[in-house]
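The values are calculated or read from the model by the stated rules, or taken from the named source; none is laboratory data. Computed from a predicted model, the values in this text were never measured in an experiment. We place every Cβ from the backbone using ideal geometry, glycine too, and count neighbours over all the protein chains shown.
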Amino acid sequence: MFKRSARLDYYRQVGDSLSGRYFLHHLFPFSLSELQKVGMDVSIDDFLNRSCFPEPFLEQEATEIKRWRNQYVDTLLREDVFTFEKIDKFNELRLIFELLRRRVGSPVSYKSIAEDVQVSVNTVKRYISILENLYVIFRLTPFSRNIARAILKEPKMYFFDTGLVVGDDGVKFENFVAFSLLKHSVVLKDFTGEDISLHYLRTKDGKEIDFCLVRDGFPILFAEAKFGEKKVSPSLRFFYKKYGVKSIQIVKNLRTEYQLDGIEVLRGDNFLKSLFL
């Protein structure tokens with residue numbers, strides 16, 4: 001299903017336009033909200049331990065899940081990439097893919113990756129663009145009313161399949177929240193036509209929050225993802241105090257939900273189940 005979506009994007013790029021003759025709807029992997037709406041009893045741990053993709057998610061055997069993922073990655077990088085471009089140096093693509101798996105949730109420097117892999121910055125951008133078009137990764141750019149400035153700042157990269165993330169439970173949870181919010185915003189845009197997008201926030205002095213949901217160019221939600229119960233993020237408090245936008249801290253392991261100085265601290269499962277899909 002994802003190959004078809006990716007190829008549709010590819011055909012659009014080369015001029016096979018169907019403009020005005022169809023409505024585009026994105027088909028994403030499973031989310032907690034989607035499965036809860038059809039009556040399935042699932043938890044965040046199911047997604048973190050398995051995947052968001054149907055095949056591994058519905059599989060009970062850990063060995064079979066590992067086999068599926070290994071085959072998926074190998075098929076993806078060796079075969080599907082050639083739908084877009086002929087890649088002469090497969091090892092370069094594989095290394096960039098592995099580096100991205102380990103840098104989830106952090107601003108990604110194309111220059112730094114280029115130095116690590118010993119290729120040009122343009123080559124890194126080209127490979128990352130291919131992975132995006134194949135719905136392997138997605139990028140979040142920093143929100144700015146100045147579009148040019150936002151483009152120049154470093155993006156963050158996340159994976160559609162949380163199982164591909166290499167890192168601790170906190171990083172995997174952040175990736176799952178990022179995917180869930182992206183699915184919420186894209187599907188909402190598909191169904192309603194609203195101009196809605198997902199970004200992150202970062203100031204020059206290093207104050208940063210994970211997610212900023214934007215509608216018609218204006219932020220409507222600030223959000224931080226935390227695995228364990230902690231104090232409210234100082235950066236989240238800073239942005240809420242400055243802009244007054246609805247702000248929440250999404251905590252995977254939280255005993256009691258509460259509100260502090262206008263900021264809601266919510267259980268991860270409760271918040272994610274409330275999303276559009």
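Descriptive notes on the structure:
- Meets criteria (touching a Gly at 6+ places or on another chain (Cβ under 9 Å), closer than 28 Å to Leu213 by Cα and modelled with pLDDT of 90 or more) for Arg102: yes
- Residue check for Val166: surrounded by fewer than 22 Cβ atoms within 10 Å (Cβ to Cβ) and either in contact (Cβ under 8 Å) with a residue 24 or more places away in the chain or at positive phi (or both): yes
- Residue match in the range 105-122 (condition: assigned to a helix (DSSP H, G or I) and modelled with pLDDT under 90): no
- Any hit, the range 189-204, residues being closer than 26 Å to Asn49 by Cα and β-branched (Val, Ile, Thr): no
- Restricting the search to strands (runs of 3 or more DSSP E) fully inside the range 205-277 and requiring at least 1 residues that are farther than 23 Å from Val171 by Cα gives 208-215, 218-226, 258-260.
Residues are listed down the side, and each one gets a yes or a no for (1) β-branched (Val, Ile, Thr); (2) farther than 21 Å from Leu275 by Cα; (3) modelled with pLDDT of 95 or more; (4) surrounded by fewer than 22 Cβ atoms within 10 Å (Cβ to Cβ):
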position	(1), (2), (3), (4)
Val136	yes, yes, no, no
Ser144	no, yes, no, yes
Ile147	yes, yes, no, yes
Lys172	no, no, yes, no
Val177	yes, no, yes, no
Leu182	no, no, yes, yes
Lys204	no, yes, no, yes
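- Hey, Phe218 under 23 Å from the mean Cα position of the chain (by Cα) and either of a type in the set (Val, Ile, Thr) or surrounded by 12 or more Cβ atoms within 10 Å (Cβ to Cβ) (or both) or not: no
- Here Met157 fulfils each of the conditions (1) touching a strand residue (DSSP E or B) at 6+ places or on another chain (Cβ under 9 Å); (2) buried (at least 19 other Cβ atoms within 10 Å of the Cβ); (3) outside any strand (DSSP E or B); (4) modelled with pLDDT of 95 or more apart from (3).
- Selection status of Ser144, assigned to a loop (DSSP other than H, G, I, E, B) and small (Gly, Ala, Ser): yes
- Exactly one residue among Phe23, Phe53 is in contact (Cβ under 8 Å) with a residue 24 or more places away in the chain and surrounded by fewer than 13 Cβ atoms within 10 Å (Cβ to Cβ), and that residue is Phe23.
- Number of the exception - Lys230 against (1) modelled with pLDDT under 95; (2) under 20 Å from the mean Cα position of the chain (by Cα); (3) within 23 Å of Arg267 (Cβ to Cβ): (2)
- Per-region count, the range 192-204, residues basic (Lys, Arg) and either in contact with a helix residue (DSSP H, G or I) (Cβ under 9 Å, 6 or more places away or on another chain) or not in a loop (DSSP other than H, G, I, E, B) (or both): 1
- Any hit, the range 77-97, residues being surrounded by 12 or more Cβ atoms within 10 Å (Cβ to Cβ), within 17 Å of the chain's Cα centre (by Cα) and in a helix (DSSP H, G or I): yes
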